[in-house]
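The values are calculated or read from the model by the stated rules, or taken from the named source; none is laboratory data. Keep in mind that this is a model prediction, so the values were computed, not measured. Because the Cβ atoms are built from the backbone with ideal geometry, glycine has one as well, and the counts that use them run over all protein chains shown. Ligands, DNA and RNA are stripped out before the accessible areas are found, and what is left, the full protein with its side chains, is counted by its heavy atoms. Shrake-Rupley method; radii C 1.70, N 1.55, O 1.52, S 1.80 Å.
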2 protein chains.
Amino acid sequence: MEPVRVGLLGLGTVGGGTVSVLTRNAAEITRRAGRAIHISHAAAKAYDAAGIEGLDRIERISDDAFAVVNDPTVDIVVELIGGYSPALELVLRAIQNGKHVVTANKALIALHGNEIFAAAQERGVTVAFEAAVAGGIPIIKALREGLAANQIEWVAGIINGTSNFILTEMRDKGREFGEVLKEAQALGYAEADPTFDIEGIDAAHKLTILGAIAFGTPLQFDRTYREGISAIEPLDVQYAGELGYRIKHLGIARRTKQGIEMRVHPTLIPERRLIANVEGVMNAVLVHGDAVGPTLYYGAGAGRFPTASAVVADLIDVTRTLTIDSENRVPHLAFQPDALSDTRILPMAEVETAYYLRMQVVDRPGVLAEVTKILGDRQISIEAIIQKEHLDESMFVPVIFLTQRTKEQNMLDAIARIEMLSFIAGAVTRIRVESLA
Amino acid sequence: MEPVRVGLLGLGTVGGGTVSVLTRNAAEITRRAGRAIHISHAAAKAYDAAGIEGLDRIERISDDAFAVVNDPTVDIVVELIGGYSPALELVLRAIQNGKHVVTANKALIALHGNEIFAAAQERGVTVAFEAAVAGGIPIIKALREGLAANQIEWVAGIINGTSNFILTEMRDKGREFGEVLKEAQALGYAEADPTFDIEGIDAAHKLTILGAIAFGTPLQFDRTYREGISAIEPLDVQYAGELGYRIKHLGIARRTKQGIEMRVHPTLIPERRLIANVEGVMNAVLVHGDAVGPTLYYGAGAGRFPTASAVVADLIDVTRTLTIDSENRVPHLAFQPDALSDTRILPMAEVETAYYLRMQVVDRPGVLAEVTKILGDRQISIEAIIQKEHLDESMFVPVIFLTQRTKEQNMLDAIARIEMLSFIAGAVTRIRVESLA
């Protein structure tokens, strides 16, 4: 059979990796796909040719991305530019031109996926986006196909390598957040502007995609709650460890009777859970289905070749679907487009979790009784109270509370009340706790 | 669209679970697959109707399995009888009748898969077998599709829950193998005849399938080396722990320049590896691809609903392929049938690993020098030597060697020579060590 002809947008880290993997593993890929996959036309503003294997086999390279999506000889367009514009225009144009699309652009899918998938559906083409979530881990495939027999109950993932690297270093070496962030930037793990990673925006993009696929709802990035890790102190990492927990920056999507929870925030999880032991820049996603129980998927969440691995897997999948009528393909969001539900996404105030609270209290009798009364008045049960040693010469000692599950709003009210007590210094540190069982 | 009509062979643990999952999650499954999946005809010798949801919706149930595979109204046959006969005859008949087949039968696929897949190819039907390896974990899909861009370098899996349960209990509680085996049998984790599990036969069936899919070779069960866990002593579990290792019963498939290694045996692995922390009856498979690096897949490897999860996922996949021409389907063994290679499988004597050796030696000067000389003469480098305390009043003390990698035959020669030394009591315990890095 004739090779499939691919148009590539972007020759940066992932674009270059994709060209290299397709070149290096060409024989293996053809043996699997049944036909060769050939990049015939590429566009990039600027690129570093060194280190890209097989760049010379691309017939045409220019800086005109629209020329690629308008090229009538291209079957599949791979979008690896990133960002919203012109990525959105290019993807929509490719679809209009009847081309299938493969993209690694999580922000684009999370914010504009509904529009993109509707256009693809209309035109009878596929948009594949395995590389958009957790890099090389085939988590989209696992959720959409591998676990298709299940009602998915919840998904919890370490889906941003930068924030996991920072939390791992803080725990291993007892270091401060800001100091580790600088190191991550020096190592190239964090961008010059690290906001997307450390404030959970990148993780929220990915969680938006995972949640929609898990529960059969449209993509709703603006309803995904997020909280970053910049307020985590080494002290909390240490106390969490003493209590048998690790602090991880989790993306959690959960189905409840009241609605769907979609949230990214630092979370204490029991250290005996496999996912608590995912360290450094690695990613992992824990998926709980009603039939299968807990399953976990682990691997590199970013990087040149792991991301290219997902892009090329999508290219092979799409190559196989070239001759299928579109209604028999795996639906973009796992469920048939006319079978998506508008299940409500819960506001964070209604979400129930357990809590870790740390406060600085005056070391004298009766103080803890006041705090426990405030919690008890709001039906918040206490799992453990630990009073630590004085940290310095001050009159305050740190006290840690682990509570049972309660609604976020209830806890916020309790914390506001506790912070008004005269013998409490400063703000109460509050980190959510999940058993993931 | 009309529902897909499924013929089911077997209403035991997994068969009953499959009926229940298809019933319980019918709405969700139809939303995903785009059409309903209906079991119209079933056969079972005897079955326990209690606990099977939706049994009454099956139009016809008898004890005649051939009536199911010959039923012209059945589109897909699900084989959950197990064993070789009549499972093989039934699967081949179903294929001849132009029906797609879904099976959880690892022994059948490992031993007769080449014949079955050739027949299916000839007739243009699909045989799906996700449930045959690692229960509910979608590992076949991950390897065949999710990692299709990669040259797979190695696969290492905990793919038998019974043996992992036994090793976990031995470590947690310092108990003897035989004692834990009895408990596993009482709990229903181990069969009355536990040979398949503890001697690695079941794991070898699964590894045969994983290895073929990873490397694009035919299934070759008879060349898969296996060694059980019955000789593992609590002392070795303890010493391994002191050295920072866990003992796991691993199935390992590895591509080397000399050929492919296919082996199931107890293995020391560093305890900091995620897979070393997979406990109890859980399964996990670590896959190392050249582009993606290490990835891990974890979940329940057996059981009614986890296995049904995989069977039903296959049913959904096959339902989608009903209208595809067969050459565009995912190939049975990941690679196109005419693109399988006959890469040599290495005999165990040629396989290189590191080793843990434990021997009982007379506690006197010069003794260790003789042993290290025997190893040194064979270019076997020593990583560590640890002399333990006397275990009892005897004149012997246990000594542990950790060695660097060497060929199995070389180590066997060294051990034979060591066992001839007059100051060594009994046999040398030898367990292979893998870094899995």
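Beta carbons closer than 9 Å, at least 6 apart along the sequence or on distinct chains, pair a first residue in the range B:90-104 that is at positive phi with a second that is in a helix (DSSP H, G or I) and surrounded by fewer than 24 Cβ atoms within 10 Å (Cβ to Cβ) for B:Gly98/B:Arg123. Candidates in the range B:330-342 are the residues that are part of a loop (DSSP other than H, G, I, E, B) and either within 8 Å of another protein chain (Cβ to nearest Cβ) or in contact with a Leu (Cβ under 6 Å, 6 or more places away or on another chain) (or both); of these, the one that is surrounded by the fewest Cβ atoms within 10 Å (Cβ to Cβ) is B:Gln336. Filtered by the rule that a residue be among the hydrophobic types (A, V, I, L, M, F, W, C) and surrounded by fewer than 21 Cβ atoms within 10 Å (Cβ to Cβ), the range A:69-98 gives A:Leu88, A:Leu92. Here A:Asp56 clears all of (1) open to solvent by 30 Å² or more (accessible area, probe 1.4 Å); (2) closer than 21 Å to A:Arg320 by Cβ except the condition numbered (2). Within the option set A:Glu279, A:Glu327, being at the interface with chain B (Cβ under 7 Å from one of its Cβ atoms) and open to solvent by 30 Å² or more (accessible area, probe 1.4 Å) holds for one residue only, A:Glu327.
Restricting to the range A:122-142, and then to whatever is among the aliphatic types (A, V, I, L, M) and away from chain B (no Cβ under 13 Å), can you tell me which residue is farthest from B:Thr295 (Cα to Cα)?
Going residue by residue through the range A:122-142, those that are among the aliphatic types (A, V, I, L, M) are A:125, A:127-128, A:131-134, A:137, A:139-140, A:142.
Cutting the leftovers down to away from chain B (no Cβ under 13 Å) gives us A:125, A:127, A:132.
Working: A:Val125: 30, A:Val127: 24, A:Ala132: 17 Å.
Top of the filtered list is A:Val125.
What tally of residues in the range A:388-409 results from selecting those that are in contact with a helix residue (DSSP H, G or I) (Cβ under 9 Å, 6 or more places away or on another chain), polar (S, T, N, Q) and farther than 14 Å from A:Arg358 by Cα? Walk me through it before giving the result.
In the first step, residues of the range A:388-409 are kept if they are in contact with a helix residue (DSSP H, G or I) (Cβ under 9 Å, 6 or more places away or on another chain); the result is A:388, A:391, A:398-401, A:403, A:406-409.
Still in the list and also polar (S, T, N, Q): A:403, A:406, A:409.
Restricting the remaining residues to those that are farther than 14 Å from A:Arg358 by Cα gives A:406, A:409.
Counting residues in the range A:388-409 that are in contact with a helix residue (DSSP H, G or I) (Cβ under 9 Å, 6 or more places away or on another chain), polar (S, T, N, Q) and farther than 14 Å from A:Arg358 by Cα gives 2.
When restricted to residues that are touching a Phe, Trp or Tyr at 6+ places or on another chain (Cβ under 9 Å) and either part of a helix (DSSP H, G or I) or surrounded by 19 or more Cβ atoms within 10 Å (Cβ to Cβ) (or both), the range A:416-427 contains 1.
This table checks each residue for (1) touching a helix residue (DSSP H, G or I) at 6+ places or on another chain (Cβ under 7 Å); (2) within 30 Å of B:Gln151 (Cα to Cα).
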| site | (1), (2) |
| --- | --- |
| A:Ala26 | no, yes |
| A:Gly34 | yes, yes |
| A:Ala43 | yes, yes |
| A:Glu53 | yes, yes |
| A:Leu88 | yes, no |
| A:Arg93 | yes, no |
| A:His100 | yes, yes |
| A:Ile109 | yes, yes |
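A count restricted to the range B:143-189 and to residues that are within 18 Å of B:Tyr245 (Cβ to Cβ), of a type in the set (Ser, Thr, Tyr) and away from chain A (no Cβ under 14 Å) stands at 1.
Please work out if B:Glu383 is more than 14 Å from chain A (Cβ to nearest Cβ), in contact with an Asp or Glu (Cβ under 9 Å, 6 or more places away or on another chain) and either open to solvent by less than 60 Å² (accessible area, probe 1.4 Å) or in contact (Cβ under 8 Å) with a residue 24 or more places away in the chain (or both). So B:Glu383 does not fit the description; no.
Taking (1) in contact (Cβ under 8 Å) with a residue 60 or more places away in the chain; (2) on the phi > 0 side of the Ramachandran plot in turn, B:Ala214 satisfies each apart from (2). Looking only at the range B:310-324, which residues are of a type in the set (A, V, I, L, M), in a helix (DSSP H, G or I), over 21 Å from the mean Cα position of the chain (by Cα) and facing chain A (nearest Cβ under 7 Å)? The one that is of a type in the set (A, V, I, L, M), in a helix (DSSP H, G or I), over 21 Å from the mean Cα position of the chain (by Cα) and facing chain A (nearest Cβ under 7 Å): B:Ile316.
Which numbered condition trips up A:Gly251, out of (1) under 17 Å from the mean Cα position of the chain (by Cα); (2) surrounded by 21 or more Cβ atoms within 10 Å (Cβ to Cβ); (3) within 14 Å of chain B (Cβ to nearest Cβ); (4) not charged (D, E, K, R)? Unmet condition: (3). Note down all Cβ pairs under 6 Å where the first residue falls in the range B:6-17 and is not assigned by TED's automatic domain parsing to the domain that holds B:Ala49, the second is aromatic (Phe, Trp, Tyr) and open to solvent by 10 Å² or more (accessible area, probe 1.4 Å), and they're at least six residues apart or on different chains. Partner pairs satisfying both residue conditions: none exist. Only residues that are hydrophobic (A, V, I, L, M, F, W, C) and more than 14 Å from chain A (Cβ to nearest Cβ) were counted across the range B:9-51, and they come to 8.
Quick grid of which residues meet (1) buried (at least 24 other Cβ atoms within 10 Å of the Cβ); (2) modelled with pLDDT under 95; (3) outside the structural domain of A:Gly211 (by TED's automatic domain parsing):
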| site | (1), (2), (3) |
| --- | --- |
| A:Arg144 | no, no, no |
| A:Ala148 | yes, no, no |
| A:Glu153 | no, no, no |
| A:Asn160 | yes, no, no |
| A:Ser163 | yes, no, no |
| A:Thr168 | no, no, no |
| A:Gly178 | no, no, no |
| A:Ala184 | no, yes, no |
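Candidates are the residues of the range A:67-89 that are touching a residue at least 12 places away in the same chain (Cβ under 8 Å) and of a type in the set (Gly, Ala, Ser); the one that is farthest from A:Ile159 (Cα to Cα) is A:Ala67.
When A:Arg432 is tested against (1) over 30 Å from A:Thr208 (Cα atoms); (2) of a type in the set (D, E, K, R); (3) part of a strand (DSSP E or B), only condition (1) is not met. Sub-6 Å Cβ pairs linking a first residue in the range A:110-126 that is assigned by TED's automatic domain parsing to the domain that holds A:Val91 and of a type in the set (Phe, Trp, Tyr) to a second residue that is assigned to a loop (DSSP other than H, G, I, E, B) and modelled with pLDDT under 95, at least 6 apart or interchain, are A:Phe117/A:His332, ordered by first then second residue. Set side by side, the residues A:Arg320, A:Arg364 differ, and just one is in contact (Cβ under 8 Å) with a residue 12 or more places away in the chain and crowded, with 18+ Cβ neighbours inside 10 Å, which is A:Arg320.
Going residue by residue through the range B:372-381, is there one that turns out to be touching a strand residue (DSSP E or B) at 6+ places or on another chain (Cβ under 8 Å), at positive phi and either modelled with pLDDT of 95 or more or in the same structural domain as B:Ala212 (by TED's automatic domain parsing) (or both)? Yes, there is a match, as at least one residue in the range B:372-381 is touching a strand residue (DSSP E or B) at 6+ places or on another chain (Cβ under 8 Å), at positive phi and either modelled with pLDDT of 95 or more or in the same structural domain as B:Ala212 (by TED's automatic domain parsing) (or both).
Summed over the range B:237-248, the residues that are at negative phi, of a type in the set (Gly, Ala, Ser) and surrounded by fewer than 24 Cβ atoms within 10 Å (Cβ to Cβ) give a count of 1. Yes or no: A:Ala27 within 22 Å of B:Val330 (Cβ to Cβ), in the same structural domain as A:Val311 (by TED's automatic domain parsing) and open to solvent by 50 Å² or more (accessible area, probe 1.4 Å)? For A:Ala27, the condition - within 22 Å of B:Val330 (Cβ to Cβ), in the same structural domain as A:Val311 (by TED's automatic domain parsing) and open to solvent by 50 Å² or more (accessible area, probe 1.4 Å) - is met.
Pick from the range B:265-276 the residues that are assigned to a helix (DSSP H, G or I) and not β-branched (Val, Ile, Thr): which of them is least open to solvent (accessible area, probe 1.4 Å)? First the steps, then the outcome.
Step one: filter the range B:265-276 for residues assigned to a helix (DSSP H, G or I), giving B:274-276.
So of that shortlist, the ones also not β-branched (Val, Ile, Thr) come out as B:274, B:276.
On the way: B:Leu274: 19, B:Ala276: 0 Å².
Here the residue is B:Ala276.
In the range A:282-298, the qualifying residues are those that are within 7 Å of chain B (Cβ to nearest Cβ) and part of a strand (DSSP E or B), and the one that is surrounded by the fewest Cβ atoms within 10 Å (Cβ to Cβ) is A:Gly293.
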